[in-house]
Structure formats: structure tokens, C-alpha cells
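*Asks:* Below are the C-alpha cells for one structure; questions will follow.
Every read-out reported here was derived from the displayed coordinates using simple, explicitly stated rules and does not represent laboratory data. A quick note: this is a predicted structure, and the numbers were derived from the prediction, not measured.
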Amino acid sequence: MTMFERMKRRLLPAAPAQPDTAEQHPAAHLAPQPVPTRPPGPLVIDVRSEREFHATAVAQAVNVPLPQLAHRIGELAPDKTTPLVLYCASGTRSGIACGVLTQLGYAHVTNAGSLYAAAERLQREVRR
């Protein structure tokens, strides 16, 4: 098994157990929360750590650290046809993230590489 396959296995979520009734799930009676609106174009995801993201990031990017991506992507992009552009510091973590999202069924996933390459490709400023 390659290192890439081990990383994907570790990052992909196990199938969650589904409760049979509302009694087993205390939040089952709560109404779903509205999804916040986002700017037009692709959803830009920074898969670096929170610390890296707070230091500098592409304007209008959302931070989802790589270890959390498989668990949180459904709340950010419930539609698996949403165009997603991912970046990190060098392109390595975003490349792994693209593989994870493709395995989860996302159809339009792009690795923009590094922070500055992503900013240039998307024609967005880098926020400091």
C-alpha cells in the first residue's frame, strides 16, 4: 500500500451509523440550518492548518484543514457538482485532498497548488 493510499484511508470517513428513530438521535427534531451564501464561482478551500490560514490566505477562501476535510465537506458543498478549487502551501496536501474528494464523488475538483499559484490562477488577492 502506497503512502498516498494510507493517507486516503486515514482521511476518508467510515460509514456513519444511522439511528433508527428520532428517540435515538437527540437533534433529530431540529430544523436544518440554512447554508450561508458564498461568492459566485468555485468554492475555494484552503486545506492548510488554521494557524497557516490565519497568517495569510487567498481572499474569500474557506479553511478546512486536510484532516477535517472528509467530515466537513458535506456542510460546505452538499451538491457534489459544485466546482471546488483547493490549495495549500506547496500543492501536496491539496493534491491529497483532491483525491479524497474525488473518491467521495465530487465531480469538479481542481488542485490550484500553492497559495500564491492559487491567488494568481483565481485572480484574487492574498489576505495577510
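*Asks:* How much length would be gained if the chain were fully extended between LYS80 and THR2, taking 0.36 nm per residue of separation minus their Cα-Cα distance, in nm to one decimal?
*Replies:* Length gained, LYS80 through THR2: 25.4 nm.
*Asks:* Also, quick follow-up: So what's Rg/Rh here for the stretch 40-128, counting alpha carbon atoms and using the Kirkwood radius for Rh?
*Replies:* A ratio of 0.92.
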